[in-house]
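The values are calculated or read from the model by the stated rules, or taken from the named source; none is laboratory data. These numbers were taken from a predicted model, which means no experiment stands behind them. Cβ placement follows ideal geometry from the backbone for every residue including glycine, while neighbour counts extend to all protein chains displayed.
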Amino acid sequence: MRPLLLLLFSPLTSIITICACRTTTTTTTTLTAIATVTSPSPCSPTSPPLPLGTAHVRNHCSFPLHLWSVANDMSGPFPLASRTGHYAERFRTDPVSHGISLKIARGGRGALDNGEAHTVFGYNLDGGFRGRRWWGGWSVWYDLSDVHGDLFRGKKVALESKDGRCERIVWADGVAPRGNLTTVCDAGRDLVLTLCA
């Protein structure tokens with residue numbers, strides 16, 4: 001598959017870049033300029049287009065929390081102050097684990113290793129390729145789960161997009177309802193997990 005990077009030039013506007021992936025090597029010259037790009041591919045399923053959305057975690061609880069960003073490696077813990085704590089990261093992928101888990105617990109260092117109850121906001125970027133066939137744009141799959149207990153029992157937990165266009169996941173009493181809680185949205189949308197909403 002050879003991707004083409006089409007550049008449209010106009011004296012009155014800035015350069016517009018369009019990415020189109022094609023399986024043929026035939027090129028037409030109907031545009032002012034055409035440049036073939038062989039590597040790295042701007043259409044590569046491992047290189048999502050920009051802009052990507054952001055995963056946010058907001059702590060509105062009366063107690064402090066800690067957050068780890070976990071893929072093949074782990075970053076953190078990052079403190080989330082009571083009532084005002086906020087963490088954000090641009091959606092990303094991991095070449096080994098693929099998915100990212102934002103793990104939230106009350107304790108700091110060692111809390112996850114010691115089996116402390118924690119909540120997981122997981123997400124996974126999904127490119128528009130199925131095998132060698134292009135089927136659409138980039139999506140983000142996301143879910144919520146609890147590990148070793150219900151950290152927010154009795155408190156509302158909500159995961160939703162900033163613009164309200166993605167499916168919401170709400171735990172009214174802080175406990176995960178039964179069934180599959182995984183859903184999908186456009187990868188350009190920001191997702192916000194509000195704790196003690």
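Of all residues in the stretch 96-108 being in contact with a strand residue (DSSP E or B) (Cβ under 7 Å, 6 or more places away or on another chain) and more than 18 Å from residue 53 (Cα to Cα), which is surrounded by the most Cβ atoms within 10 Å (Cβ to Cβ)?
Filtering the stretch 96-108 for residues that are in contact with a strand residue (DSSP E or B) (Cβ under 7 Å, 6 or more places away or on another chain) and more than 18 Å from residue 53 (Cα to Cα), the one surrounded by the most Cβ atoms within 10 Å (Cβ to Cβ) comes out as 104.
Would you check if there is a residue in the stretch 90-106 being closer than 20 Å to residue 139 by Cβ, touching a Lys or Arg at 6+ places or on another chain (Cβ under 8 Å), at pLDDT 95 or above and not in a loop (DSSP other than H, G, I, E, B)?
yes
Given the options 188, 137, name the one that is out of contact with any strand residue (DSSP E or B) (no Cβ under 8 Å at 6 or more places or on another chain), over 19 Å from residue 87 (Cβ atoms) and either at pLDDT 95 or above or not basic (Lys, Arg) (or both).
188 is the lone residue from the list that is out of contact with any strand residue (DSSP E or B) (no Cβ under 8 Å at 6 or more places or on another chain), over 19 Å from residue 87 (Cβ atoms) and either at pLDDT 95 or above or not basic (Lys, Arg) (or both).
Out of the stretch 47-87, which residues are part of a strand (DSSP E or B) and of a type in the set (A, V, I, L, M)?
The answer is 55, 57, 65, 67, 70, 74, 80.
How many residues, within the stretch 140-197, are part of a loop (DSSP other than H, G, I, E, B) and either within 16 Å of residue 120 (Cβ to Cβ) or touching a helix residue (DSSP H, G or I) at 6+ places or on another chain (Cβ under 7 Å) (or both)?
Counting residues in the stretch 140-197 that are part of a loop (DSSP other than H, G, I, E, B) and either within 16 Å of residue 120 (Cβ to Cβ) or touching a helix residue (DSSP H, G or I) at 6+ places or on another chain (Cβ under 7 Å) (or both) gives 13.
Would you confirm whether or not the stretch 20-36 contains a residue that is modelled with pLDDT of 50 or more and closer than 23 Å to residue 140 by Cβ?
No, that holds for no residue.
Scan the stretch 88-95 and give yes if some residue there is surrounded by fewer than 18 Cβ atoms within 10 Å (Cβ to Cβ), out of contact with any Ser or Thr (no Cβ under 7 Å at 6 or more places or on another chain) and closer than 18 Å to residue 54 by Cα, otherwise no.
yes
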